[in-house]
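S.K.: Quick one: the structure is below, and I'll ask about it shortly.
The values are calculated or read from the model by the stated rules, or taken from the named source; none is laboratory data. This is a predicted model, so every value here is computed, not measured. Because the Cβ atoms are built from the backbone with ideal geometry, glycine has one as well, and the counts that use them run over all protein chains shown.
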Amino acid sequence: MTSVDGPATPPPGAPEAPPAASPVGAVPPPGWSADGTPPPGWPVDGTPHPGWPAGAPPVYPTPEPDRLTRFVVRLYDRSPRWAVPLAAVGCVAAGIGYALISDPTRSDPDAAPTCLLKLTTGLDCPGCGGTRALWYVLHGDLPAAARHHFLFVFVLPFLAYLFVAWAGRQAFGWRLPELRISSKVIGGFLAVWLAFSVLRNLPWAPFTSLYV
């Protein structure tokens, strides 16, 4: 019988009652699993731990970032907004400068740095001819550039626009029209690139004209 002045007393031999409800998002107590399953020996009635709301996952404390992560985040927060686009422009300029200085159209096939796949097997890798195509593009010879890697020449205007739109937005707040590229378009381009990489190595005409 339940007393009016206090809670009911469990009969002798009854299992221990679960602990009182804890705040929302409580960390599970020792021995409990993440989905609210009690440890062996705990009465199971099909409900999660009383400290968790129904249907809500537990909230665990966020781990502290390491020193390197804190340094990078702090450096990014304190750097001016044009610093990252300027660094990207520097990387692009370095690649263009290398193509202009090295003149890959006159270098030996095994000149360093070279493609390990082509050096060891004689096959053209998916990117073979890209540096020479860039050199010809910089000199305004688009047919020769397409001869060495026409997929690179095809995608170059899109990459240039995406870069200019991103860098302008980051550095100057420009709002150029966004170029939306769906996952299907990206998948189709990768499939064409894969087919091109295979066809350019076939030893029969007209595929031999794609060999660089």
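S.K.: Take V185 and decide whether it is part of a helix (DSSP H, G or I) and touching a residue at least 12 places away in the same chain (Cβ under 8 Å).
M.R.: Considered against the rule, which asks whether it is part of a helix (DSSP H, G or I) and touching a residue at least 12 places away in the same chain (Cβ under 8 Å), V185 comes out as no.
S.K.: Scan (1) closer than 18 Å to V92 by Cα; (2) buried (at least 17 other Cβ atoms within 10 Å of the Cβ) for the single condition G168 breaks and write down its number.
M.R.: (2)
S.K.: Does G97 satisfy being more than 27 Å from the chain's Cα centre (by Cα), more than 24 Å from S209 (Cβ to Cβ) and not charged (D, E, K, R)?
M.R.: Judged against the criteria, G97 is a match.
S.K.: Here's a follow-up. May I ask you to list the residues in the range 157-167 that are in contact (Cβ under 8 Å) with a residue 12 or more places away in the chain and over 21 Å from the mean Cα position of the chain (by Cα)?
M.R.: Selection gives nothing.
S.K.: Give the residue that is surrounded by the fewest Cβ atoms within 10 Å (Cβ to Cβ), with candidates limited to residues of the range 122-150 that are among the small types (G, A, S) and farther than 12 Å from D103 by Cα.
M.R.: Step by step, filter the range 122-150, then rank; the result is G140.
S.K.: From (1) part of a loop (DSSP other than H, G, I, E, B); (2) within 24 Å of the chain's Cα centre (by Cα); (3) farther than 28 Å from G90 by Cα, pick out the condition that doesn't hold for L179.
M.R.: For L179, the exception is condition (3).
S.K.: Does Y211 satisfy the criteria of being more than 30 Å from V84 (Cα to Cα) and either surrounded by 14 or more Cβ atoms within 10 Å (Cβ to Cβ) or in contact (Cβ under 8 Å) with a residue 12 or more places away in the chain (or both)?
M.R.: The answer is yes for Y211.
S.K.: Which of (1) touching a helix residue (DSSP H, G or I) at 6+ places or on another chain (Cβ under 8 Å); (2) at pLDDT 85 or above does R81 not meet, given it meets every other one?
M.R.: (2)
S.K.: Just for the range 188-208: of the residues that are assigned to a loop (DSSP other than H, G, I, E, B) and loosely packed, with under 14 Cβ neighbours inside 10 Å, which one is nearest to the chain's Cα centre (by Cα)?
M.R.: Just the residues of the range 188-208 that are assigned to a loop (DSSP other than H, G, I, E, B), to begin with: 200-206.
Retained after the next criterion (residues that are loosely packed, with under 14 Cβ neighbours inside 10 Å): 202-206.
Details: L202: 33, P203: 37, W204: 38, A205: 39, P206: 38 Å.
The selected residue is L202.
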